[in-house]
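Just so it is clear, none of the values below were taken in a lab; they were calculated from the coordinates. This is a predicted model, so every value here is computed, not measured. Using ideal geometry, Cβ is built from the backbone for each residue, glycine included, and neighbour counts are taken over all protein chains shown.
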Amino acid sequence: IVNSALAAQTPSVTMQVAVLGGTLSGVVAARRLSESGARVHLFRNLNDPKRNINSLHPICEYQSSTFVLRSDAPREFSEEVGHWQHSGLVEPAPNFQSVHIDAQGNVQHMEPKGRRFSPHGGFFALLDSLIEQLAGSVDVKAQQLEWMSRDKSGKWWLHRAGDNTQFGPYDVVLHAFDALPRAVRKASHKQLLESALPHSANVIASAARSPMCSSMVVVLHFDPPLQVPYDSIVFDGIPELQFASRNPKQHQAYRGIREKHDTWTVVATPAWSLLQRPGGKSNGVSWQGKWDKVKVGKTIQRAFGRALHIDVDKGRQIIPTFHWEGCSYITQVLKGAPCAFDAECGLGWCGDLFGGMGPTGAVVSGFHAAAVTMAFQTSNPKSVLPGEGDWGMRPSQPDDEDIMTITGPATGREDQPNDGLDHTWQTAVRCALGEQVVHADSYRNQRRQGAMGDRPNFRNKDGPWMAPSLQRDDRASRLDTGKLPRLRCQTIDGGILRVTGMPLQSQRALLRAVFPADARGVCGGLYDARRGTIDIGYGEKWPCSGTFQASWTDVGMHGNHTVDWEAVEGDIVNQVLASIKQCASEVLGNFSPDCVRVAYENMRGRTIRQGQTLCGWSRDRDRVDNSDGSPKICVVLGNAKIQHGYKYSKEDRESLDVELCPGDVLILHGPARTWCSAVNGFQDHAGSFPFDFAHVWFLDHRRLQKVNPDIYASIHQPSTPAPGGPEYKWMQFAYKVLGAEEGEEEVRMEVSDGCAPPESSPDAGHSQLSSARKVYLRAAPPGPGSEPSPKKSCKSSGRDAQTRRWGSKLRAWDSESFEQNGDDRSIGA
């Protein structure tokens, strides 16, 4: 029926359609529309007014690890899964173990009524592949969208977040949001639709009848791994527990999880979650104030352990306990097409909120939305606006698992009236009740404090997914990134420039490229000479010796290596250099680097107090002589936002502090090459990079090799650190990059302490890198030549006039820093 409708409704004039959201329903709709003759733009990224979409989140980006093609599945979904199978994107998952556990500990194994499949790399990897298949027929856009407007001729225009860039005109705009898998955040759609009022009122009113449940949730990591033979657990009769799902390690990068082993998502029941919220009632007594995240999280974690009869106290929460406001839809459209479309203005919405939560409902909704959209330019366009009589409770199935088990009618919010409306979105409620709403901005307060704020010059207007996306690191070297967008350059001070605007795709490709096979470097933790141990943070010691293999996430607190420019994989390094030189041509006109130096840092629970630094103030040691002011480029990559401080000398009491987000670039030249520098600020952020931060330096060492060959050799060919050596306090191991194994997402290293033959030992243990406890980095006792303690007064050695010059510039760049997320030892890492 859908196919014949699409064929009959193909207009004679090419229709321009924008699909908002790189979701499963959005991809299906975009493909169907393109096949039917429409010109389609698919916008993967929508600005989230509440959170930074560049920082992936285990809950805001949610997916299950498998799905079931039921024997009674709709034809549209069966055909779509067949396409996935034919393309090699999914595989059967016969060994997946799904069980129910009751309060008495009885275990019931659940057999699905159909065939179970697992997407290669997870649902987000599947979406990446499906979007890549659209190339040539659908124009995939990476820009974040923040608002939309309609002109006098009835055409839609879409506006990029933070500037005046606009896209259009479009005949139809189709929103696409799915809760499972959750590739776009619902707050983004709410913001866009409210910006289109009053034209969007009918579509908003239709979506008002899709209330969602709320639950408390924790995401846990166990090292050693949790020995549980199940992958999905549904709990019966345990108030603190609704379900627990294993998150396979190979699926985690797309959700901002960087852990050594599989993790677990553990979700409480909505009823119990309600009691933990301010205003919740327990035994008839209502209480006020903030809810205790630590207490709630520990309660859920311990209930999880009791239900499984195992000790889970050593499990670590990788994010603070989260109140998941929209964990599960409890209704769906039961009568009519499972989507919303207003033919009066050419605006629609599809997703599993209409079709029934999960991939089946998402695909079916996308199919129907495409058919309804193609009728828009025919002689008989029709609106599809599901009303009160068209919605019903989402049917539950005995073999439901994961968030599908949360079916209501309780929503987990005491202030939710039992009227079938989503009262978390008051604009929708007002529209559904017939109020004439001409303007609304539900996120006005959050937007001012959120990822974009009201800053006009924030960096990286593109989101975590590009077109095509790059989340799998093993693809970086063969990804054709094309020409980078024009970057933005600003002068910080005489000798320091900051360049911003590098897309996340390019950041990932660059980091992967500068770890080519056979690159050699040094790494380690903090050596305690009195105990003879190597501290790797969180109270853990480096457990390995000899020679062993490890992932690049498991090679200590810090490390570095230098490679020749020609050894860097792919062409991404040349593309990045060209883009940087384009916006800083006056300084970099003749700059031609011959090598790349990489230095990474994992803070492992450390933080930097105000007035202190990570490793002290130091000067460049790769300057050829005292007059050397040649430029050098530092690209900051990773998950965290850091701060670089600059002084004329170590004794100065004031510093020029420059905040740097991932993707920012520093250009040092002229007088700045003579200053002391240090990492003196750090703000941790979740993300999918293997390091908290990394410095990638573009350097020209041709003269250094001739004038100071010993310094050159120590930088380019570091020897294996030896006990008692000058660097052993920081670096105790040497490593060689092996590359990424087939099917693996992470780069592998061969690590050696020089005490064993240099053969690979794949069975050797790995360093234990995990946890999120906070400890403070305390300053070491001052020694000869050390920096003065920030708690003591220190003389300026006649530099009062110079240090005062920093005064008007101190932290002058905070307002221009984008809220997202090594230390340079000797030569800046």
* Which of the peptides 311-317, 362-368, 209-215, 298-304 is most tightly packed, and how do the rest follow, judged by the mean count of other Cβ atoms within 10 Å per residue? -> 362-368, 209-215, 298-304, 311-317
* Structure fact -> Other residues with Cβ under 11 Å from the Cβ of Thr321 give, with Lys and Arg +1 and Asp and Glu -1, a net charge of +2
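Please give the FRET efficiency for Glu79 paired with Ser649, using the beta carbon to beta carbon distance and R0 = 51 Å, rounded to the nearest 0.05.
On the way: r = 71 Å, r/R0 = 1.39.
Computed FRET efficiency for Glu79 and Ser649 comes out at 0.10.
What is the sum of charges around Val17, taking Lys and Arg as +1, Asp and Glu as -1, for the other residues whose C-beta is under 14 Å from the C-beta of Val17? Mind showing how you got there, number by number?
Working: positive: Arg31, Arg32, Arg39, Lys141, Lys155; negative: Glu35, Asp139, Asp171.
Charge balance near Val17 sits at +2.
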* Cα centroid separation - segment 687-738 against segment 197-267, whole Å -> 41
* Asked: Given the pairs Lys152/Lys335; Lys632/Lys736; Lys50/Lys141, which span a C-alpha to C-alpha distance of over 32 angstrom in this model?
  -> Lys152/Lys335
* Asked: With Cβ to Cβ distances under 12 Å as the rule, what net charge do the other residues near Ser206 carry (K, R +1; D, E -1)?
  -> -3
